[in-house]
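Have a look at the structure below before the remarks.
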Amino acid sequence: ETGVTQTPRHLVMGMTNKKSLKCEQHLGHNAMYWYKQSAKKPLELMFVYSLEERVENNSVPSRFSPECPNSSHLFLHLHTLQPEDSALYLCASSQDSGTVSDTQYFGPGTRLTVL
Amino acid sequence: RKEVEQDPGPFNVPEGATVAFNCTYSNSASQSFFWYRQDCRKEPKLLMSVYSSGNEDGRFTAQLNRASQYISLLIRDSKLSDSATYLCVVNRDAGNMLTFGGGTRLMVKP
């Protein structure tokens, strides 16, 4: 299944590094999402974009910076992260962000380790 | 109180058993409800939506009780391949902002 792809799949970075996570959806959807899944915790919604405009920022620290250049691509820029930011970062897309019943399709995730 | 609460399990059941998971949610304004399945080190995938009238998809039956703010998932004739974590998911408000429960882990043994 290649509807939503994410790169890299694994990333190890130091606290002073700058890196970016990439997500691409091939489903023709208008909405894209970033989620964080930490060990022993539920998935947490971080950001939502609809038609390339940010519609939700769920009180995420500024060391995480999203970018949505078009409706098919979503980036998460990372800088000066902390070890507690180590987690699985999941991208998802749906037809629309305002329709309550739209199914969200997830990418395989990027497993991030911050040293 | 957590927005979506689930028993983390694990539920260890033999093949062929019937197993039920429950989930409660705190936001009475929630409108859409789902069960997602997440295999170990994989992404979540939609298992089924949950409708007010209850719905069935093969061996899986989902029920919603709005008055009690309670959702259930019943799996009949469990297969080894059903082993996974089952995520109860509720939309937060009028939009498609989902809130996930912590998941219930199911292990089906031969």
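Residues checked against (1) more than 26 Å from A:Lys41 (Cβ to Cβ); (2) among the hydroxyl-bearing types (Ser, Thr, Tyr); (3) away from chain A (no Cβ under 13 Å); (4) part of a loop (DSSP other than H, G, I, E, B):
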residue: B:Pro8; (1), (2), (3), (4): no, no, no, yes
residue: B:Phe21; (1), (2), (3), (4): no, no, yes, no
residue: B:Leu47; (1), (2), (3), (4): no, no, no, no
residue: B:Asp77; (1), (2), (3), (4): yes, no, yes, yes
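Of all the numbered requirements in (1) within 11 Å of another protein chain (Cβ to nearest Cβ); (2) part of a strand (DSSP E or B); (3) more than 11 Å from the chain's Cα centre (by Cα), A:Leu112 misses one, and that requirement is (1).
Kindly establish whether A:Tyr89 is at pLDDT 95 or above and of a type outside the set (A, V, I, L, M, F, W, C).
On the way: at pLDDT 95 or above: yes; of a type outside the set (A, V, I, L, M, F, W, C): yes.
Yes.
Test B:Arg92 against the stated conditions and say whether it is surrounded by 15 or more Cβ atoms within 10 Å (Cβ to Cβ), in contact (Cβ under 8 Å) with a residue 24 or more places away in the chain and touching a Ser or Thr at 6+ places or on another chain (Cβ under 9 Å). Judged against the criteria, B:Arg92 is a match. Say whether the condition of being under 29 Å from A:Gly3 (Cα atoms), more than 14 Å from chain A (Cβ to nearest Cβ) and either in contact (Cβ under 8 Å) with a residue 12 or more places away in the chain or touching a Pro at 6+ places or on another chain (Cβ under 9 Å) (or both) is met by at least one residue in the stretch B:28-40. Within the stretch B:28-40 (the criterion being under 29 Å from A:Gly3 (Cα atoms), more than 14 Å from chain A (Cβ to nearest Cβ) and either in contact (Cβ under 8 Å) with a residue 12 or more places away in the chain or touching a Pro at 6+ places or on another chain (Cβ under 9 Å) (or both)), the answer is no, since none of the residues qualifies. Screening A:Ser38, A:Ser59, A:Ser50, A:Ser71 for residues that are farther than 20 Å from B:Lys45 by Cα, within 14 Å of chain B (Cβ to nearest Cβ) and surrounded by fewer than 19 Cβ atoms within 10 Å (Cβ to Cβ) leaves exactly one candidate, A:Ser59.
Filter the stretch B:79-106 down to the residues that are in a strand (DSSP E or B) and touching an Asp or Glu at 6+ places or on another chain (Cβ under 9 Å) and list them by number.
Residues of the stretch B:79-106 in a strand (DSSP E or B): B:84-91, B:98-100, B:104-106.
Scanning the stretch B:79-106 gives B:Ala84, B:Thr85, B:Cys88, B:Val90, B:Thr99, B:Phe100, B:Thr104, B:Leu106.
Selection within the stretch B:79-110: residues that are touching a Phe, Trp or Tyr at 6+ places or on another chain (Cβ under 8 Å) and among the polar types (S, T, N, Q). The member of this set that is nearest to the other protein chains (Cβ to nearest Cβ) is B:Asn91.
Of everything in the stretch A:1-46 that is of a type in the set (A, V, I, L, M) and assigned to a loop (DSSP other than H, G, I, E, B), the residue that is nearest to the chain's Cα centre (by Cα) is A:Leu43.
The values are calculated or read from the model by the stated rules, or taken from the named source; none is laboratory data. This structure is a prediction, so every number in the text was calculated from the model and none was measured. Cβ: placed from backbone, ideal geometry, glycine included. Neighbour counts: every protein chain shown.
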